[in-house]
Each structure stands twice: as C-alpha cells, then as structure tokens.
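These notes are about the structure you will find just below.
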Amino acid sequence: GKHRIVIPCLGHFKEEYEKVSKLYMNNKIRTTRYTLFNFLPRNLFEQFHRVANLYFLFLVVLNWVPLVEAFQKEITMLPLIGVLTIIAVKDGLEDYSRYKMDKQINNLVTKVYSR
C-alpha cells in the first residue's frame, strides 16, 4: 500500500526534507484573488460585470457615434475611467492586505501532537 514519510524541517534533516517535499503539495493558505500578471485583466473583467459600469461604457461607445454625439468624447470617458481607477486601487489594496495576512499565517509556528 501507500505510505507517507514525515521528515522534520530542522537542522540536519533539511536536505532530506527538500528532496521529499517536492513530491507533495504544500498546505500554504492563499486567499488572494490577483497576481501581478493577472490584476488588470481580471479586475476589469470583474468590474464590467456590474450593471452601472456597463451603462457608462455604453454611453462612452454611444458618444463615439457622430450622429448621437452629445459631449466631447473625452469628457464622456472621465466618469468611467475615474470609477474604474478608484475601484481598482481599492481592490488592489484589499488584495495586498490579504497577501500580508496569508504570509503572516503561513509563517506561524505550530505545535505538533506526538504520542
């Protein structure tokens, strides 16, 4: 059958621990939603699921049609860009605080029960 090898990550067992630990998944906690690479596309994707943001995007697109143009094109884009920027900064700060909390939890010293 299958068996599991448990090696403490201490002192002279460190090399052996690194060899064996590559075979198993780690148990680190990760509650963050974003990474540096996927922040912008994923955040925009989530923001455009809100009806209000879609409405403002519709107004921006509609204002680019010459027959319907009510304001200057740039002025129509300002509310949408402002709201998207503010929400992106808020989401980024929240995710960064989650990252710091995850890092703190993952580095806690734990007690191991032994008979």
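Looking at the stretch 56-85, I want the residues that are touching a residue at least 12 places away in the same chain (Cβ under 8 Å) and have a partner that is of a type in the set (D, E, K, R) with Cβ atoms under 6 Å, at least 6 apart or on another chain. Which pairs are those?
Qualifying pairs under 6 Å: N63/E69; N63/K73.
Could you identify the single residue in Y55, Y96 that is surrounded by 12 or more Cβ atoms within 10 Å (Cβ to Cβ), out of contact with any strand residue (DSSP E or B) (no Cβ under 6 Å at 6 or more places or on another chain) and not small (G, A, S)?
None of the other options fit; the residue is Y96.
Using the structure shown, decide if V20 is open to solvent by less than 100 Å² (accessible area, probe 1.4 Å), of a type in the set (A, V, I, L, M), in contact with a helix residue (DSSP H, G or I) (Cβ under 8 Å, 6 or more places away or on another chain) and part of a helix (DSSP H, G or I).
For V20, the condition - open to solvent by less than 100 Å² (accessible area, probe 1.4 Å), of a type in the set (A, V, I, L, M), in contact with a helix residue (DSSP H, G or I) (Cβ under 8 Å, 6 or more places away or on another chain) and part of a helix (DSSP H, G or I) - is not met.
Inspect the stretch 23-42 for any residue being touching a residue at least 60 places away in the same chain (Cβ under 8 Å), part of a loop (DSSP other than H, G, I, E, B), among the hydroxyl-bearing types (S, T, Y) and surrounded by fewer than 11 Cβ atoms within 10 Å (Cβ to Cβ) and give the result as yes or no.
Yes, because at least one residue in the stretch 23-42 is touching a residue at least 60 places away in the same chain (Cβ under 8 Å), part of a loop (DSSP other than H, G, I, E, B), among the hydroxyl-bearing types (S, T, Y) and surrounded by fewer than 11 Cβ atoms within 10 Å (Cβ to Cβ).
The values are calculated or read from the model by the stated rules, or taken from the named source; none is laboratory data. Because the structure is a prediction, the values reported are computed rather than measured. Cβ coordinates were reconstructed from backbone atoms using ideal geometry, including for glycine residues, and neighbour counts include every protein chain displayed. Surface areas here come from the heavy atoms of the whole protein model, side chains and all, with no ligands, DNA or RNA. Shrake-Rupley method; radii C 1.70, N 1.55, O 1.52, S 1.80 Å.
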